[in-house]
Structure formats: C-alpha cells, structure tokens
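Take this structure, written in structure tokens, and hold onto it; I'll ask about it next.
The values are calculated or read from the model by the stated rules, or taken from the named source; none is laboratory data. A quick note: this is a predicted structure, and the numbers were derived from the prediction, not measured. Cβ placement follows ideal geometry from the backbone for every residue including glycine, while neighbour counts extend to all protein chains displayed.
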Amino acid sequence: MNTFIKSRLAPCGLHCGKCFAFADGDIRRDAENLRRSLGDFDAYALRFVGMLNEPRFRAYPDFREFLQLLTESSCRGCREEQCKLFRGCKVRACSEAHGVDFCFRCPEFPCRNTGFDEHLYVRHVAINERMREIGPEAYYEEVRDLPRYRK
C-alpha cells in the first residue's frame, strides 16, 4: 500500500489529512495563508462596521482567534500518535492489536469497539464498507479533494 495514502487515512478510514487538527493538512495551510493575507485587519474591521454599515465586522476578533487556533494544528495523524480530536478513540489500539491496517480487514468488523458517537460510528462503517469494495487506494482517490466535514 502507498505509504502516503496510509499516512493520510486512519485505521478507521477517516481522512486525517483533511482534519483541522492535522499539522500538514489543507485546513492548517489555508488558515495560515488567510491569516497572513489579512495581516493587521483588526483596525480595518472596526472601521468597516461604520463605513460599510456592516455590523458583522464586530465579530472579527473572534474570527481571528479561531483562525489562529486552526494554524496551531500539531497532530501527525492517527498512525503516528493517539488522535487529538477524538480522545476516546479506540480504533488505533484495536487495529494494532488485531494486526490490521483498516477496520474492514478485521474479522470482527463491524464492531462497537471504536469509542465513537453514533454519527461517527455510522460514517466509519460506511467508509470501511466502501474501502472493502474498492480498496483503500481507490477510496483515497475518491475523497482526497472532498471536505472531511460533511453530512
């Protein structure tokens, strides 16, 4: 299996590379670029409240703080360390214990030993069923340019 793809797809099948916590991910890079492009926008945001009669610019300090959070991502991915987003995740340890790269390769799949809430559990099962059908490499090609956070 391609090591790059394996570094991006967690054992549960979620795309680590699209996670906001992933240090080398799109969200961090895009947030850093936007933060850099905005420069010292604070004073302008206040002026635009009155000048453009646009009260939403008052929320800029909160947006700037959130943008800063997105640039501080430090996770190296679920295969390198415990997931920083889903702290109750049991999938990595379980996949290591069963000697499988992905949940669908485990004879006990699907199981409830994930630590996920119902929404994420359903998504995890669907992802793994798709990977079983077409393979992890083809699955990665399907999702590599899609946002991770979707319904």
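Identify all residues within the range 133-147 that are out of contact with any Asp or Glu (no Cβ under 9 Å at 6 or more places or on another chain) and crowded, with 16+ Cβ neighbours inside 10 Å; write none if there are none.
Answer for the range 133-147, where residues must be out of contact with any Asp or Glu (no Cβ under 9 Å at 6 or more places or on another chain) and crowded, with 16+ Cβ neighbours inside 10 Å: Tyr140, Val143.
Still on this structure, I have one more. Working carefully through the options Phe104, Phe116, find the one that is in contact (Cβ under 8 Å) with a residue 24 or more places away in the chain and part of a loop (DSSP other than H, G, I, E, B).
Numbers: Phe104 fails: part of a loop (DSSP other than H, G, I, E, B).
The unique qualifying residue is Phe116.
Are any residues in the range 73-93 in contact (Cβ under 8 Å) with a residue 40 or more places away in the chain and surrounded by 12 or more Cβ atoms within 10 Å (Cβ to Cβ), and if so, which ones?
Ser73, Cys75, Arg76, Gly77, Cys78, Arg79, Cys83, Lys84, Leu85, Cys89, Val91, Arg92
Out of the range 49-84, which residues are hydroxyl-bearing (Ser, Thr, Tyr) and modelled with pLDDT of 90 or more?
Restricting attention to the range 49-84, the residues satisfying the condition of being hydroxyl-bearing (Ser, Thr, Tyr) are 60, 71, 73-74.
Tyr60, Thr71 - these are the residues of the range 49-84 that are hydroxyl-bearing (Ser, Thr, Tyr) and modelled with pLDDT of 90 or more.
What do you reckon, is Arg123 of a type in the set (D, E, K, R), crowded, with 16+ Cβ neighbours inside 10 Å and at pLDDT 95 or above?
Details: of a type in the set (D, E, K, R): yes; crowded, with 16+ Cβ neighbours inside 10 Å: yes; at pLDDT 95 or above: no.
Considered against the rule, which asks whether it is of a type in the set (D, E, K, R), crowded, with 16+ Cβ neighbours inside 10 Å and at pLDDT 95 or above, Arg123 comes out as no.
Moving on. For Tyr149, are the conditions met, namely being part of a loop (DSSP other than H, G, I, E, B) and either in contact with a helix residue (DSSP H, G or I) (Cβ under 6 Å, 6 or more places away or on another chain) or closer than 19 Å to Asp24 by Cβ (or both)? Working first, answer last.
Numbers: part of a loop (DSSP other than H, G, I, E, B): yes; either in contact with a helix residue (DSSP H, G or I) (Cβ under 6 Å, 6 or more places away or on another chain) or closer than 19 Å to Asp24 by Cβ (or both): yes.
Taking the combined requirement at face value, the residue satisfies it.
Please indicate, with yes or no, whether at least one residue in the range 1-16 is without any contact (Cβ under 8 Å) to a residue 24 or more places away in the chain and in the same structural domain as Cys106 (by TED's automatic domain parsing).
We begin by selecting, within the range 1-16, every residue without any contact (Cβ under 8 Å) to a residue 24 or more places away in the chain; these are 3-4.
Filter again for in the same structural domain as Cys106 (by TED's automatic domain parsing), leaving 3-4.
There is at least one residue in the range 1-16 that is without any contact (Cβ under 8 Å) to a residue 24 or more places away in the chain and in the same structural domain as Cys106 (by TED's automatic domain parsing).
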